[in-house]
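In what follows, a single structure is set out as structure tokens and then discussed.
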Amino acid sequence: MNRILIAEDESRIAAFLEKGFRANGFTCTIATNGHEAIGMAHSHDFDLLILDLGLPGKNGWQVLEEVRGRGERLRIIVLTAQDEVEDTVAALEGGANDYVTKPFEFTELLARVKVQLRDSVILKSKAGKETTFQAGEIVLDLLTRQVWRGSTLIEMSSKEFALAEVFLRHPMQVMSREQLLDRVWGYTYDPGSNIIDAYIKQLRKKLGSETIETVRGVGYRLRV
């Protein structure tokens, strides 16, 4: 049974979420402030965190930073009234797996939770078989979340790492824009978005300009 940590200080919303998730077979625990959320995420075996950004004590941004900074691998869905595009991008860059704004439909949130938990199971099963991927002099380590080019450690944001992981898992395979959007961003972004182009440009700067090849009209591939 999957365990969900709900970090929400508004008791009405927390109770609504707990009731809905329990009715769908999940086990839930509620944290009412940032300090509780950080402690519970570390000391309990949760599968997913529903995180409000406006928590008292330590806010959701600080919770996200500390949880990801410790290497906690649980899935995180930000659930907040902050609906600016800049906030969405900052949260996803900071390590959130998805971003849902209030007011929200519970059925949509539930669907997103199921997607994240499904992807988490897939990642765990793959990680059990292989945790390091290499193409040429580029090495990606899932356990340490580090990418090396030869003897040089490459600094990467969470989304850059996720995109690099997709390419390292499928060297020389052409990946379409739709595949990359689906595997890294889920349905957070529109298929017509230019977010892929921006991130490919960043990866080329970090991994080498000739590393990721554009296959015109089809997509991109990692050259070995």
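Things to note:
- Enumerated helices (runs of 4 or more DSSP H) restricted to the range 130-224, each holding at least 3 residues that are open to solvent by less than 40 Å² (accessible area, probe 1.4 Å), of a type outside the set (Val, Ile, Thr) and closer than 19 Å to residue 90 by Cα: 158-169
- Test: residue in the range 107-115 that is modelled with pLDDT of 85 or more, open to solvent by less than 70 Å² (accessible area, probe 1.4 Å), in a helix (DSSP H, G or I) and hydroxyl-bearing (Ser, Thr, Tyr): no
- Cβ pairs under 7 Å, 6+ apart, first in the range 90-116 and closer than 23 Å to residue 61 by Cβ and assigned by the TED database to the domain that holds residue 54, second of a type in the set (Val, Ile, Thr) and assigned to a helix (DSSP H, G or I): 99/88
- Flag for residue 64 being at pLDDT below 90 and within 12 Å of the chain's Cα centre (by Cα): no
- Among (1) among the hydrophobic types (A, V, I, L, M, F, W, C); (2) over 19 Å from residue 26 (Cβ atoms); (3) at pLDDT below 85 - the single one residue 85 does not satisfy: (3)
- Filter result for residue 92 (more than 23 Å from residue 118 (Cα to Cα), of a type in the set (A, V, I, L, M, F, W, C) and surrounded by 19 or more Cβ atoms within 10 Å (Cβ to Cβ)): no
The values are calculated or read from the model by the stated rules, or taken from the named source; none is laboratory data. This structure is a prediction, so every number in the text was calculated from the model and none was measured. For neighbour counting, all protein chains shown are included, and Cβ atoms are generated from backbone atoms with ideal geometry for every residue, glycine included. Remember, those area values only see protein heavy atoms, side chains included, never the ligands or the DNA or RNA. Shrake-Rupley method; radii C 1.70, N 1.55, O 1.52, S 1.80 Å.
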